[in-house]
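Visitor: First the structure, then my questions, so here it is.
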Amino acid sequence: MSRLSLAPRIRYLLGRARRIDVGSVVDRAKEASEQHHKAVPAIVVDMLWSAARHNVGFQDYIDYDFAMLTRAERETFMTHPVSNQLSQRYDHPDYRWIFQDKVEFDKQFSPFLKREWLVVEEGNADAVRELTQRLGTIVTKEPVGQAGTGVHRYHAADIEDWDDFHRGLLARGELLIEEVIRQHDALAAVCPGTVNTTRITAFFDGEKAHILAMAQKFGRGAVSDQMTFGGFYTMLDENGHSVGAGYDSHGHVHETHPDSGYRIADFQLPYMDEVRAFIDEVARVVPQVQYVGWDIVVSPDGPVLVEGNWGAGVYENKPSVTGIRTGHKPRYREVIGF
């Protein structure tokens, strides 16, 4: 029997019903119709039924090719509504703010960042200048942001007036400065201009952290590898090897990286044993938040932590790209027991 309460699901569905954009649903249905050669009205009905009855988000339906899957195959896929229910149940409300505030997160998880960082405050322009000049390039972050928003990159050589630079950071709310992570050559071979992060969704049961799914994100040279910056991802198997080509939520499929030409299906994440141990360590820092999407980067010396997301979201297999017609939900059920 499911251990997930009906209340979060009902609240989610009511919220979706109030916000539903019929035009957007039809546009998505047309996209699926063109790809899978099914009638638009039938897909619209199927999307609405799947949302109401089976906890499938409209974008989930498109991203995971539900129009081409059987009912049994669909049941193996994690979806955003189900992930949201897990977050509401297993991530204690009193501790979520630690993951929402990037400054507080860096304080709590400092030993796992393995890089320098500094909070921008009134009166510390000299400290900002010293750190930036010493590092050469820095990344700044707004304390609250998601999907790569509020992340910026600056080069010391481009800054002429340091007091003005400091005032600008304060005015724009870019209050966290971090050293740029040096990534492993295996990641740099795919995209050297972006620090390419690995999303590892995990559940801490009080004794051990269990990895539920892994996705490798790749950027296009921008400061972030998020889709808003042109990034995409590929799912990794339990040994850290890509299961196929890369893709995003905008219909783009990448057999090879558009800039480097690297074949995405050939990618292997280094240091997998160390990655597993690392996730188990970081999951113990705030054990009250059990279900987390951890973003890490594998450096030449092993994994380093970028951030944790208490609203873990979903990264899943795309059947039309990989040829694999099942998802990760059985693994989630095995570990969490819902």
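The values are calculated or read from the model by the stated rules, or taken from the named source; none is laboratory data. These figures come from a predicted structure and were not determined experimentally. Quick reminder, even Gly has a Cβ in these numbers, built from the backbone with ideal geometry, and neighbours come from all protein chains shown.
Visitor: When you scan region 223-230, do you find a residue that is part of a strand (DSSP E or B), touching a residue at least 40 places away in the same chain (Cβ under 8 Å) and assigned by TED's automatic domain parsing to the domain that holds R96, even just one? Step through it out loud before you land on a result.
Guide: Of the residues in region 223-230, the ones part of a strand (DSSP E or B) are none.
No, there is no match, as no residue in region 223-230 is part of a strand (DSSP E or B), touching a residue at least 40 places away in the same chain (Cβ under 8 Å) and assigned by TED's automatic domain parsing to the domain that holds R96.
Visitor: Just wondering, is there one or more residues in region 227-234 that are closer than 30 Å to W97 by Cβ and surrounded by 21 or more Cβ atoms within 10 Å (Cβ to Cβ)? Can you show your working first?
Guide: Applying the first criterion (closer than 30 Å to W97 by Cβ) to region 227-234 yields 227-229, 231, 233.
From what's left, surrounded by 21 or more Cβ atoms within 10 Å (Cβ to Cβ): 231, 233.
Yes.
Visitor: Of a type outside the set (K, R), closer than 29 Å to A29 by Cβ and in contact with a Gly (Cβ under 8 Å, 6 or more places away or on another chain): which single residue out of G246, G221, G230, G251 fits that description?
Guide: Details: G246 fails: in contact with a Gly (Cβ under 8 Å, 6 or more places away or on another chain); G221 fails: closer than 29 Å to A29 by Cβ; G251 fails: in contact with a Gly (Cβ under 8 Å, 6 or more places away or on another chain).
Only one candidate qualifies: G230.
Visitor: Working carefully through the options A52, A67, find the one that is of a type in the set (G, A, S), in contact (Cβ under 8 Å) with a residue 24 or more places away in the chain, over 30 Å from P287 (Cα atoms) and surrounded by fewer than 19 Cβ atoms within 10 Å (Cβ to Cβ).
Guide: On the way: A67 fails: surrounded by fewer than 19 Cβ atoms within 10 Å (Cβ to Cβ).
Exactly one of A52, A67 is of a type in the set (G, A, S), in contact (Cβ under 8 Å) with a residue 24 or more places away in the chain, over 30 Å from P287 (Cα atoms) and surrounded by fewer than 19 Cβ atoms within 10 Å (Cβ to Cβ), namely A52.
Visitor: Among the listed residues L135, L118, which satisfies the condition of being surrounded by 13 or more Cβ atoms within 10 Å (Cβ to Cβ) and out of contact with any helix residue (DSSP H, G or I) (no Cβ under 6 Å at 6 or more places or on another chain)? Step through it out loud before you land on a result.
Guide: Values: L118 fails: out of contact with any helix residue (DSSP H, G or I) (no Cβ under 6 Å at 6 or more places or on another chain).
The unique qualifying residue is L135.
Visitor: Condition first: within 18 Å of A222 (Cβ to Cβ) and either modelled with pLDDT under 95 or part of a strand (DSSP E or B) (or both). Now tell me which residues in region 180-207 satisfy that.
Guide: Listed by number, the residues that qualify are T198, R199.
Visitor: Against the condition aliphatic (A, V, I, L, M) and farther than 30 Å from Y90 by Cα, how does V223 come out, does it pass?
Guide: Here the answer is yes, as V223 does meet what is asked.
Visitor: With respect to P81, is the statement that it is modelled with pLDDT of 95 or more and either in contact with a His (Cβ under 7 Å, 6 or more places away or on another chain) or under 27 Å from G293 (Cα atoms) (or both) true? Working first, answer last.
Guide: Working: modelled with pLDDT of 95 or more: yes; either in contact with a His (Cβ under 7 Å, 6 or more places away or on another chain) or under 27 Å from G293 (Cα atoms) (or both): yes.
Yes, satisfied.
Visitor: Turning to a different aspect of this structure: Answer with yes or no whether G221 is in contact with a Cys (Cβ under 8 Å, 6 or more places away or on another chain) and on the phi > 0 side of the Ramachandran plot. Working first, answer last.
Guide: Details: in contact with a Cys (Cβ under 8 Å, 6 or more places away or on another chain): yes; on the phi > 0 side of the Ramachandran plot: yes.
The answer is yes for G221.
Visitor: Here is a check on your reading of the model: is S320 more than 18 Å from the chain's Cα centre (by Cα) and farther than 28 Å from A72 by Cα?
Guide: Spelling it out, it is not the case that S320 is more than 18 Å from the chain's Cα centre (by Cα) and farther than 28 Å from A72 by Cα.
Visitor: Same structure again: Could you please find all residues in region 287-308 being closer than 28 Å to P192 by Cβ, out of contact with any Lys or Arg (no Cβ under 7 Å at 6 or more places or on another chain), buried (at least 20 other Cβ atoms within 10 Å of the Cβ) and not aliphatic (A, V, I, L, M)?
Guide: Of everything in region 287-308, those that are closer than 28 Å to P192 by Cβ, out of contact with any Lys or Arg (no Cβ under 7 Å at 6 or more places or on another chain), buried (at least 20 other Cβ atoms within 10 Å of the Cβ) and not aliphatic (A, V, I, L, M) turn out to be W294, P303, G308.
Visitor: Moving on to the next point. Residue under question is G244, and the condition is that it be touching a residue at least 24 places away in the same chain (Cβ under 8 Å) and closer than 26 Å to Y332 by Cα; does it hold? Before the answer, list the steps.
Guide: Details: touching a residue at least 24 places away in the same chain (Cβ under 8 Å): yes; closer than 26 Å to Y332 by Cα: yes.
Yes.
Visitor: Oh, and also: Before we move on, is V144 within 24 Å of the chain's Cα centre (by Cα), in a loop (DSSP other than H, G, I, E, B) and in the same structural domain as L175 (by TED's automatic domain parsing)? Steps first, please.
Guide: Values: within 24 Å of the chain's Cα centre (by Cα): yes; in a loop (DSSP other than H, G, I, E, B): yes; in the same structural domain as L175 (by TED's automatic domain parsing): yes.
In short, yes.
Visitor: Of all residues in region 308-338, which are in a loop (DSSP other than H, G, I, E, B) and in contact with a helix residue (DSSP H, G or I) (Cβ under 9 Å, 6 or more places away or on another chain)?
Guide: Narrowing region 308-338 to residues in a loop (DSSP other than H, G, I, E, B): 310-318, 323-328, 337-338.
Result: W310, G311, A312, G313, V314, E316, K318, R325, T326, G327, F338.
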